[in-house]
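The structure appears right after this line, and notes come after that.
The values are calculated or read from the model by the stated rules, or taken from the named source; none is laboratory data. As the structure is a prediction and not an experimental result, all values here were calculated from the model. Reconstructed Cβ throughout: ideal geometry from the backbone, glycine too, with neighbour counts over all protein chains shown. Ligands, DNA and RNA are excluded from the accessible area calculation, which covers all protein heavy atoms including side chains. Shrake-Rupley method; radii C 1.70, N 1.55, O 1.52, S 1.80 Å.
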Amino acid sequence: PEGASLEGYLFPDTYKLPFPASPQDLITRMLDNFEAKVTPEMRAKASELGLTFHQAVILASIVEKEAVLPEERPLIAGVFLNRLRKKMYLQADPTVQYAKGYDKTTGHWWSPITIEEATSIQSPYNTYLNPGLPPGPICSPGLESIKAVLYPAKTDYLFFFSPDGSSHIFSKTYEEHLEKQKQHGK
């Protein structure tokens, strides 16, 4: 869309490039691949969910970074869509990790965040402090994350957490969420 960066639209895939290749060669192939993989029907599906397609890509980028297990993508997307419908904060750690950027103390990008960071890093991308979606994608989502947002699990879940860094535990209420966290030592 006009005014958007390429982030979110550079389709993650394996590419064969001519030698020598320019950065523009790769960018063109990635954008063309996005256009080929994301069908007009998929683009139209976003409006059925009350989203622009750009908003669907933003949400898919969050799902891409949040989900470790592929089968959880539609559930995670369902939770975020439920939260958006209820005008709840997304409170998605990956958006804060994106805002935080490179962590000099760990020497990594996408380092785990603390609740103090989640509630103090000032950025329009921090979904703990700002309602709704961030202003743009936080990564380029794969096709499965885009599909998860467009065809989410129908669920009443509003909360989830990962006790082990991979699978997630889902809850319908905040009280249930807190109890499950307590059960898992979180």
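Could you grab me the full set of residues in segment 103-118 that are among the polar types (S, T, N, Q), open to solvent by less than 80 Å² (accessible area, probe 1.4 Å) and farther than 20 Å from residue 63 by Cα?
To start, the set of residues in segment 103-118 that are among the polar types (S, T, N, Q) comprises 105-106, 111, 114.
Then keep just the ones that are open to solvent by less than 80 Å² (accessible area, probe 1.4 Å); that gives 106, 111, 114.
Of everything in segment 103-118, just one residue is among the polar types (S, T, N, Q), open to solvent by less than 80 Å² (accessible area, probe 1.4 Å) and farther than 20 Å from residue 63 by Cα, namely 106.
Per-residue answers, yes or no, for (1) closer than 21 Å to residue 49 by Cβ; (2) touching a residue at least 60 places away in the same chain (Cβ under 8 Å):
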residue: 87; (1), (2): yes, no
residue: 105; (1), (2): no, no
residue: 116; (1), (2): no, no
residue: 129; (1), (2): no, no
residue: 139; (1), (2): yes, yes
residue: 145; (1), (2): yes, yes
Q: Would you point out which residue out of 150, 178 is surrounded by 13 or more Cβ atoms within 10 Å (Cβ to Cβ), farther than 30 Å from residue 45 by Cβ and among the hydrophobic types (A, V, I, L, M, F, W, C)?
A: 178
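With among the polar types (S, T, N, Q), under 30 Å from residue 154 (Cβ atoms) and open to solvent by 70 Å² or more (accessible area, probe 1.4 Å) as the only criterion, which of 122, 97, 91 stands out?
91
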Q) Out of all the residues in segment 16-39, which are part of a helix (DSSP H, G or I), exposed (fewer than 12 other Cβ atoms within 10 Å of the Cβ) and not charged (D, E, K, R)? A) 23, 24, 28, 36
Q.
From the list 151, 98, 128, 157, exactly one residue is closer than 12 Å to residue 66 by Cβ and under 18 Å from the mean Cα position of the chain (by Cα). Which is it?
A. 98
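Need at least 1 residues that are farther than 23 Å from residue 8 by Cβ per element, so show me which helices (runs of 4 or more DSSP H) inside segment 93-186 make the cut, counting only ones lying wholly within it. If you could, list the steps in order and put the result at the bottom.
On the way: elements: 93-100, 115-118, 143-150, 174-183.
The helices (runs of 4 or more DSSP H) meeting that bar are 115-118, 174-183.
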